[in-house]
1. Assuming 0.36 nm per residue, please report the length gained on full extension of the stretch E32 to Q57 beyond their Cα-Cα distance.
2. So, how do all the Cα-to-Cα distances of the stretch 220-283 break down into 5 Å bins, in percent, from 0 on up?
3. Give me F139, F305 ranked fewest to most by other Cβ atoms within 10 Å of their Cβ, as a rough exposure proxy.
4. With the dipole of the stretch 230-307 worked out from charges on the C-beta (+1 for Lys and Arg, -1 for Asp and Glu) around the Cα centre, which of P282, F305, L230 lies farthest toward the positive end?
5. Can you compute 3J(HN,Hα) from phi for each residue in the stretch 140-156, using the Karplus curve 6.51 cos²θ - 1.76 cosθ + 1.60 with θ = phi - 60°, rounded to whole Hz and x for Gly and Pro?
6. For the stretch 364-416, what is the per residue volume of the convex hull drawn over the alpha-carbon atoms, in cubic angstrom?
7. Using the Kirkwood radius built from alpha carbon pairs, what does the Stokes-Einstein equation give as D for the stretch 389-461 at 37 °C and 0.692 mPa s, in µm² per second?
8. Assuming R0 = 41 Å, what is the FRET efficiency of L373 and D412, from their Cβ-Cβ distance, to the nearest 0.05?
Amino acid sequence: MKKLIVLGGIALLMSSCRIYKSYERPDSIHAEGLYRDPVAYNDMLVPNATANLGNWQWREVFRDAQLQSLIEEGLSNNVDMQAAILRVEEAKALLTAAHLSFLPSLAMAPQGSLTSVDKAKPVQNYTLPVAASWEVDLFGKLLNADRGQRATYLQREASRQAVRSQLICGVANAYYTLLMLDRQVEVTSENLRLMEETVRTMKAYKEAAMTTEVAVAQSEGACHQTQASLADLQRQVRETENSLAVLLGRTPQRIERTALDEQMMPENLTVGVPLQLLENRPDVRMAEMTLAGAYYQTNQARSAFYPNVMLTGTAGWTNGSNGTVISNPAMFLWQAIGSLTQPIFQRGKLIANLKVTKREEQIAKMNYQQKILEAGKEVSDALYLYDTADKKWTEHRAQIENMTKALAMSKDLFKVAKATYLEIISAEQSLLNARLNEASDAYQRLQAVIDLYSALGGGRE
């Protein structure tokens, strides 16, 4: 019989070993080969293990003093940021409560009474008991609850970091969008003045019988089209200003800013090794802490199959009355009880709960791996966006030079009747588009840096 008890105890301890293990990152989680090289033929990007744009302070990336001031304002006033901070504080309080669950609980319940029989002198009875109870955590129920709450706390902290990173990059993106729109408004206004000059020229040539009313109408139509485009750009400026103001916690208003041509950004876009994503990106970290929390939930479900051991006790003072007028004014009473509760039959609830927590853990693991893949995609997309925008910017600058020459030559040829008014209008429109595209390309290069910085987990404290 003793052998059976010993063997049963050993089996019980062996089966409960997993309950005490801390979460470890699964071996099946891979981060190798996440990044595609934007130029290499074989798609393989050789990362730099020592350099990583995501580890830069945001002031090193965004060097515009006006933008830095706006980012600081957003970090102080943004509602989402403040809510994220409060959620972290809430999780920290719950973690403290989980730590305290290992300690005994104490309660005091003083009682008193007056008893009188046949109008005799009342007898005073009183007790001052203190009750204590302590759940002995032999099978990891409280331990896993505590670890699970810590995972929740770390998840909330990662969420706060994610909100911080998104806010920094969101403010920068809106700011650079404003600079791009300012540049496009400037370009469109300059081109509009050229088109208005063309209209005046066409009218003068018509009066001299050197062209027709069609040329005047066509040039005026192109001018009206450009005016409509300018109005649309001005609307976009106003809407972007309003969006940025709300992001900063302001009422909609004008945003002070510099110019697109004044911006300086890092040129060496190093991404580090993919494994750093698992530690740096807040959303990836959140996914891992969700997995850790699910792991500890599974352990809690396992611990529910084992006995609960509870120690309770009471101690206190009483006047020791025996119900008569005779009493002892100072008696000390105490009582101690130990109890063990072993689940036997609960209609399969414990087994079902364990199955549910296992499935939740598997889902959390898959979501974690998926989040890593998405992070790798975002890094690869940002690298390629920067490379593409840089190439487009170079080509559009060359196009601007060509179209400026073409416009000048078209006007000269028109004066000697060797070109039509349509060539002038076409050249003006092509020059406008090229200059607008150049501004857009400059913005896309900035946006690519923002996207890469965000994708690498930049903006953390």
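What follows is calculated from the coordinates using simple rules that are stated; it is not laboratory data. These numbers come from a predicted model, not from an experiment. With ideal geometry, Cβ positions are generated from the backbone for all residues, glycine too; neighbour counts draw on all protein chains shown.
1. Working: separation 25, 0.36 × 25 = 9.00 nm, distance 2.57 nm.
Residue separation times 0.36 nm, minus the Cα-Cα distance, leaves 6.4 nm.
2. Final binned percentages: 3, 12, 10, 11, 13, 13, 15, 11, 5, 3, 2, 1.
3. Result, fewest neighbours first: F305, F139.
4. Result: F305.
5. Whole-Hz 3J(HN,Hα) from phi for the stretch 140-156: x, 4, 6, 4, 6, 5, 5, 5, x, 5, 5, 4, 5, 4, 5, 5, 5.
6. In the stretch 364-416, the Cα hull volume divided by residue count equals 57 Å³.
7. Details: Rh = 14.2 Å.
My calculation gives 231 µm²/s for D.
8. Calculated value: 0.10.
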